[in-house]
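Student: Handing you this structure, nothing more for now.
The values are calculated or read from the model by the stated rules, or taken from the named source; none is laboratory data. As the structure is a prediction and not an experimental result, all values here were calculated from the model. As a convention, Cβ positions derive from the backbone with ideal geometry for all residues, glycine included, and neighbour counts pool all protein chains shown.
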């Protein structure tokens with residue numbers, strides 16, 4: 001991804017599709033979304049679910065936070081570099097390692113909670 005400030009999710013999808021050699025039609029097929037769905041998102045008529053935002057980010061190899069922010073969902077504060085870095089790393093992992101990372105995060109949270117109550 002080039003260093004670029006996107007005005008909208010539609011602009012992001014259009015730009016990234018063009019950069020990676022996809023038309024909106026071929027992109028919709030690659031993502032498993034309907035053509036009308038992609039067109040509605042690109043034209044700002046529809047907000048994709050968080051899960052579909054993650055799928056778009058994963059497809060282009062970009063940060064889910066970028067896509068979630070462009071779609072209007074909450075993003076961690078920009079000064080929270082640790083959370084952003086973890087999210088970026090997690091998005092690049094294969095599914096089995098994402099699951100391991102989630103399990104480890106749950107373990108750490110549980111450990112922290114126990115320590116607070118001791």
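Student: If residue 61 passes every condition in (1) surrounded by 14 or more Cβ atoms within 10 Å (Cβ to Cβ); (2) touching a residue at least 12 places away in the same chain (Cβ under 8 Å); (3) out of contact with any helix residue (DSSP H, G or I) (no Cβ under 7 Å at 6 or more places or on another chain) but one, which one does it miss?
Tutor: (1)
Student: Here are the criteria: (1) without any contact (Cβ under 8 Å) to a residue 40 or more places away in the chain; (2) surrounded by 11 or more Cβ atoms within 10 Å (Cβ to Cβ); (3) outside any helix (DSSP H, G or I). Tell me which single one residue 21 does not satisfy.
Tutor: Failed condition: (2).
Student: For the stretch 70-100, what are the residues that are within 11 Å of the chain's Cα centre (by Cα) and modelled with pLDDT of 90 or more?
Tutor: 70, 71
Student: Within the stretch 31-43, does at least one residue satisfy the condition of being surrounded by 14 or more Cβ atoms within 10 Å (Cβ to Cβ), touching a helix residue (DSSP H, G or I) at 6+ places or on another chain (Cβ under 9 Å) and not in a helix (DSSP H, G or I)?
Tutor: yes
Student: If you don't mind, another one. How many residues are within 25 Å of residue 62 (Cβ to Cβ) and either exposed (fewer than 12 other Cβ atoms within 10 Å of the Cβ) or touching a helix residue (DSSP H, G or I) at 6+ places or on another chain (Cβ under 7 Å) (or both) when one looks only at the stretch 104-118?
Tutor: Restricting attention to the stretch 104-118, the residues satisfying the condition of being within 25 Å of residue 62 (Cβ to Cβ) are 104-105.
Next, only the ones that are either exposed (fewer than 12 other Cβ atoms within 10 Å of the Cβ) or touching a helix residue (DSSP H, G or I) at 6+ places or on another chain (Cβ under 7 Å) (or both) stay: 104.
Residues in the stretch 104-118 being within 25 Å of residue 62 (Cβ to Cβ) and either exposed (fewer than 12 other Cβ atoms within 10 Å of the Cβ) or touching a helix residue (DSSP H, G or I) at 6+ places or on another chain (Cβ under 7 Å) (or both): 1 in total.
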